[in-house]
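No lab work stands behind these numbers, since they all come straight from the coordinates. These numbers come from a predicted model, not from an experiment. Cβ sites come from the backbone with ideal geometry, for glycine too, and all protein chains shown count toward neighbours.
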Amino acid sequence: TGFPKESDLYVSSTATIKLKLSEPEHEGSSNKLVLVKNLYLSCDPYQRLLMERIEGLSSQPNSSFTPGSPIYGYGVAKVLDSGHPDLKAGDLVWGTTYWEEYSRIPAPEGLIKIQHTDVPLSYYTGILGMPGLTAYVGFYEICSPKKGEHVFISAAAGAVGQLVGQFAKLMGCYVVGSAGSKEKVDLLKNKLGFDEAFNYKEEADLNAAFKRYFPEGIDIYFENVGGKMLDAVLLNMRLHGRIAVCGMISQYNLDQAEGVTNLMHLVYKRIRLHGFSVRDHYHLHSKFVESMLPYIRQGKIVYMEDIVEGLESGPRALVGLFKGLNFGKQVVDISA
Ligand code: NDP
């Protein structure tokens with residue numbers, strides 16, 4: 001409960017590890033394990049949600065972390081040995097892995113083979129992985145955007161938000177983002193091409209800020225934050241606006257979620273409020289990667305990463321998401 005602390009996580013060593021799968025692990029038809037060396041670990045806000053049981057979701061098996069066992073998340077890894085016919089030693093993969101140097105992972109459901117290695121491998125934790133697909137699905141599929149529309153993105157300097165803003169600019173929208181520091185606001189405007197950006201921590205009256213940046217109202221809100229931000233946005237939405245509810249990070253550490261008082265504006269303005277989970281959209285992943293690669297290679301989309309080194313840096317990096325310490329996608333590099 002409450003804000004996660006670095007001391008909620010610890011690093012420990014095991015005595016020995018065999019860097020080969022044993023014969024039964026290779027042979028068992030229901031036990032197609034892959035042994036990997038983990039290279040990059042992804043820090044994601046949803047990992048905080050795995051630190052507690054969420055009411056209404058408790059029937060989901062294995063959804064929470066187990067105290068005393070390695071936590072898990074998305075990562076990039078190299079296959080050392082494989083009991084699965086589609087993967088062989090030397091292949092690079094991304095998918096769900098454990099926060100440890102070496103992992104045994106069931107394949108293929110947990111792992112996707114990396115086909116393109118001319119971009120940084122860490123991108124498969126971000127722009128070409130789960131957050132990238134989230135931005136893509138959330139913006140293009142959930143927001144139904146049109147050229148010229150007015151788009152607002154909260155947590156805009158993060159792994160997902162920075163991409164949503166760039167997608168919206170490519171579509172010819174007017175784009176404003178919020179972030180928690182002057183440095184991030186400058187990056188949004190000067191590096192990522194947002195039309196405007198503001199530091200939400202310096203806005204005593206968020207409603208007034210929206211009146212300033214959206215005098216004609218907001219068509220699309222890409223919601224990453226929740227709470228007071230959502231309440232103020234609702235007052236400033238346009239008729240037939242769309243709100244893609246991607247996440248609500250301001251609520252994850254609260255014992256009791258903040259109330260949202262302006263929900264009647266959904267009715268007044270015929271707004272579509274649509275929650276979504278990237279987990280339902282992985283069938284689009286390869287199409288998404290193929291469509292993104294030319295933009296990355298030509299520099300038409302840029303991606304900010306915040307990479308720290310070593311497993312020991314992991315707890316601080318993960319907890320830092322909830323203090324806004326990360327500039328862009330937070331990654332832990334354990335490739336050395
Ligand atoms: P980010 O890289 O954006 O990191 C989190 C950022 O949230 C921080 O850097 C901080 O930025 C901001 N933040 C933290 N606490 C608060 C707070 N109390 N109020 C406002 N802002 C806060 O994370 P992601 O891009 O990976 O994730 C963004 C959102 O998308 C999250 O809500 C996440 O849960 C959600 N998500 C949902 C998915 C889905 O399938 N629906 C998939 C992936 C992500 P700042 O300095 O600006 O405050």
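In this entry, region 254-324 is assigned a mean projected area of 9.4 nm², taken as a quarter of its C-alpha convex hull surface.
Sorted ascending by nearby beta carbons within 10 Å, beginning with the fewest, VAL11, VAL289, VAL233, VAL267 become VAL267, VAL11, VAL289, VAL233.
By the equivalent-ellipsoid construction on the alpha carbon gyration tensor, region 130-279 comes out with semi-axes of 19, 18, 17 Å, ordered largest to smallest. Can you work out the PRE-style zone for LEU273? Point 7 Å along Cα to Cβ, and I want the residues of region 207-232 with backbone N under 15 Å. Zone members listed by number: 221-232.
If I stretch the segment between ALA257 and ALA336 completely, what's the gain in nm (0.36 nm per residue apart, minus their alpha carbon distance), one decimal? So the extension gain works out to 24.4 nm.
Look at the dipole of the chain built from charges on Cβ: of THR97, LEU235, LEU33, the Cα furthest out on the positive end belongs to LEU235.
A simple charge model with +1 on the Cβ of Lys and Arg, -1 on the Cβ of Asp and Glu and nothing else charged puts the dipole of region 130-279 at about 400 debye relative to its Cα centre.
For the chain, what is the percent of antiparallel DSSP beta bridges, rounded to the nearest 5?
50 percent
Model label points for THR66 and SER286, set 7 angstrom from Cα along the Cα-to-Cβ axis, are 3.3 nm apart. Extents of the chain, taken as max minus min of Cα coordinates on every principal axis and listed largest first, are 66, 44, 35 Å. Computed from label points 7 Å out along Cα-Cβ, the spacing between LYS189 and PHE3 is 2.8 nm.
Quick check on the exposure proxy: order PHE139, PHE214 from fewest to most C-beta atoms within 10 angstrom.
Least crowded to most crowded, the residues run PHE214, PHE139.
Counting every other Cβ atom within 10 Å of each residue's Cβ, ASP44, ASP231, ASP205 order from fewest to most as ASP205, ASP231, ASP44.
Here the chain is assigned +1 on the Cβ of each Lys and Arg and -1 on the Cβ of each Asp and Glu. Its dipole about the Cα centre then comes out at about 820 debye.
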